[in-house]
1. Starting from the residue with the highest accessible area, list His48, His30 in decreasing order, probe 1.4 Å.
2. Which residues' amide hydrogens lie under 5 Å from the amide hydrogen of Gly18, considering only partners 5 or more residues apart or on another chain, with H built in the peptide plane?
3. Taking the dipole about the Cα centre of the chain, with the C-beta of Lys and Arg at +1 and of Asp and Glu at -1, give me whichever of Asn125, Gly75, Ala34 is farthest to the positive side.
4. Roughly how compact is the chain, stated as its Cα Rg over 2.2 N^0.38 Å to two decimals?
5. Using only Cα atoms, tell me the angle between helix 154-166 and the longest principal axis of the chain; keep it within 0 to 90° and round to the nearest 10.
6. Whole-Hz ³J(HN,Hα) for each residue in region 47-59, computed from phi via Karplus 6.51 cos²θ - 1.76 cosθ + 1.60 with θ = phi - 60°, x for glycine and proline: what do you get?
7. Dipole size in debye (nearest 20) for the chain around its Cα centre, Lys and Arg Cβ +1, Asp and Glu Cβ -1?
8. Give me the net charge for the shell around Asp114: Cβ to Cβ below 10 angstrom, other residues only, Lys and Arg +1, Asp and Glu -1.
Amino acid sequence: TGTTATGTGTVTATISGGGPTCAFNPAKTHLVPADGVPALLQRILLPHGLFEFELVDCVPGGVVTVSTTWPNLRGITGYLKYGPTPATGLGKKVWYVPNNLQIRGNTVTYTIRDGGLGDDDLLANGRIVDPGGPVIQADAPGVDDAYPVPGLSFTWLMALAGLLAVL
């Protein structure tokens, strides 16, 4: 449990699976601002920052379910993780959607396989490294964007005015 990096409230994180000794490493588990992370074409906002953590003493190659409860997810359009993937290899970090993502109310749940998608060291070594956070797509309706309102052409406006005059 901790305060978001942006001061929006409290985040609580729990895990299940991964073996009887799989646990958060307190020295490497933080809520951090998204400042140093490359933006997603300037169209994605991270209103609560990122949750970075390391799990240790997990079963090598095991699957862990991560559940985070955030202060306010109204307007959230998804959850993204940032890091290498099995497809990109360790040399390239990308934004991606985690496996089995579920967002219910203020709770985000997903799975990570040690050494697979979601584990930034990409090694089945009993250690899982993971940064991610809830996002708002800036071009989603209601997110500080103006949308045109359909209207009638001048010709149709004159036709309606004429019809009103006749009535």
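1. Order by accessible area, largest first: His30, His48.
2. Val63
3. Gly75
4. 1.45
5. Result, in degrees: 50.
6. x, 10, x, 10, 10, 9, 8, 10, 9, 10, 6, 8, 5
7. 220 debye
8. 0
The values are calculated or read from the model by the stated rules, or taken from the named source; none is laboratory data. As the structure is a prediction and not an experimental result, all values here were calculated from the model. Every residue, glycine among them, receives a Cβ derived from its backbone with ideal geometry; neighbour counts consider all protein chains shown. Ligands, DNA and RNA are excluded from the accessible area calculation, which covers all protein heavy atoms including side chains. Shrake-Rupley method; radii C 1.70, N 1.55, O 1.52, S 1.80 Å.
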